[in-house]
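Student: Below you'll find the structure I mean.
The values are calculated or read from the model by the stated rules, or taken from the named source; none is laboratory data. All figures in this text were calculated on a predicted structure; none of them were measured in a lab. In this analysis, Cβ positions are derived from the backbone assuming ideal geometry, glycine residues included, and neighbour counts consider all displayed protein chains. For accessibility, only protein heavy atoms count, side chains too; no ligands or nucleic acids. Shrake-Rupley method; radii C 1.70, N 1.55, O 1.52, S 1.80 Å.
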Amino acid sequence: MSMPVELIRQLTEEQIAFVHRSGLKAEVLEPGHVRLRMPLKGNQNHIGTMYAGALFTLAEIPGGALFLTSFDSRRFYPIVKEMNLRFLRPASSDIHVEARLAVEEVACIQEQAGAQGKAEYVLELALLDEAGGVVAQSQGLYQLRAR
């Protein structure tokens, strides 16, 4: 991790005004591993469960957080090319998500982006309620681009 963890936390939680307003919290920020939490309070929809946009935000932000903890931000930057979210059941508590990338996968992605100018990778995530039940599943197609 080339940046201090508190800077990564600030960028993850506060850099995007919408994310900051949602109250999203970064609970774990380590190379190859992030865990984020979206509070139910303040993110309820018209029936009292979590708003779909808050769930989508929770599914998308781990890609940027993993980038900050795992990739060389001086040489590369990420973009989201595609994001799919499948809602499985109502979210009636805080929701968390964990995302992981193996050190070898990070190295391979960076090597390809360095050689070809870009490299794609997929993050498949499960959004979990406080009881550990899956409320949604996401699949994000990301691209690492050379600066």
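Student: Dipole of the range 10-147, Cα-centred, from +1 at each Lys and Arg C-beta and -1 at each Asp and Glu C-beta, to the nearest 20 debye?
Tutor: Dipole size: approximately 360 debye.
Student: Continuing with the same structure: Over the range 1-44, with the other protein chains present, what is the accessible area per residue in square angstrom, probe 1.4 angstrom?
Tutor: The answer is 57 Å² per residue.
Student: Going from the alpha-carbon gyration tensor of the range 67-147, what semi-axes, largest first and in whole Å, does one get by taking the root of 5 times each eigenvalue?
Tutor: 29, 12, 10
Student: For the range 65-113, what is the accessible area per residue in Å² when the probe is 1.4 Å? Walk me through the numbers before you get to the answer.
Tutor: Details: 2740 Å² over 49 residues.
On a per-residue basis, the range 65-113 sits at 56 Å².
Student: Starting from the Cα gyration tensor of the chain, take the square roots of the eigenvalues, sort them a ≥ b ≥ c, and report rounded, prolate or oblate (rounded when a/c is under 1.5, otherwise prolate if a/b is larger than b/c, else oblate). Numbers along the way, then the final one.
Tutor: Working: a/c = 2.16, a/b = 1.74, b/c = 1.24.
Prolate, because a/c is 1.5 or more and a/b exceeds b/c.
Student: Another question about this same structure. Treat each spin label as a single point 7 Å out from the Cα along the C-beta direction, and report the ILE16 to HIS46 distance in nm.
Tutor: Here the modelled spin labels are 2.5 nm apart.
Student: Another question about this same structure. Please report, as a whole percent, how much of the solvent-accessible surface of the range 1-121 comes from carbon and sulfur atoms (probe radius 1.4 Å). Could you put the intermediate results ahead of the total?
Tutor: On the way: 3430 of 6570 Å².
Carbon and sulfur: 52 percent of the exposed surface of the range 1-121.
Student: How many angstrom lie between the C-alpha centres of the range 94-118 and the range 1-18?
Tutor: Taking the Cα centre of the range 1-18 as reference, the centre of the range 94-118 is 18 Å away.
Student: Based on DSSP H runs of at least 4 residues, each adding -39500 (n - 2.57), what is the mean residue ellipticity at 222 nm of the chain after dividing by all its residues, to the nearest 500 deg cm²/dmol?
Tutor: It lands at -10500 deg cm²/dmol.
Student: Using the Kyte-Doolittle scale, which helices in the chain average at least 0.5 and also have C-alpha atoms spread 24 Å or more along the helix axis, with helices defined as whole DSSP H runs?
Tutor: Qualifying helices: 52-70.
Student: Further question: Defining a contact as two alpha carbons under 8 Å apart and six or more residues distant in sequence, what relative contact order in percent does the chain show? List each step's numbers first, then the result.
Tutor: On the way: 304 pairs, mean separation 37.3, N = 147.
Dividing the mean separation by the residue count of the chain yields 25 percent.
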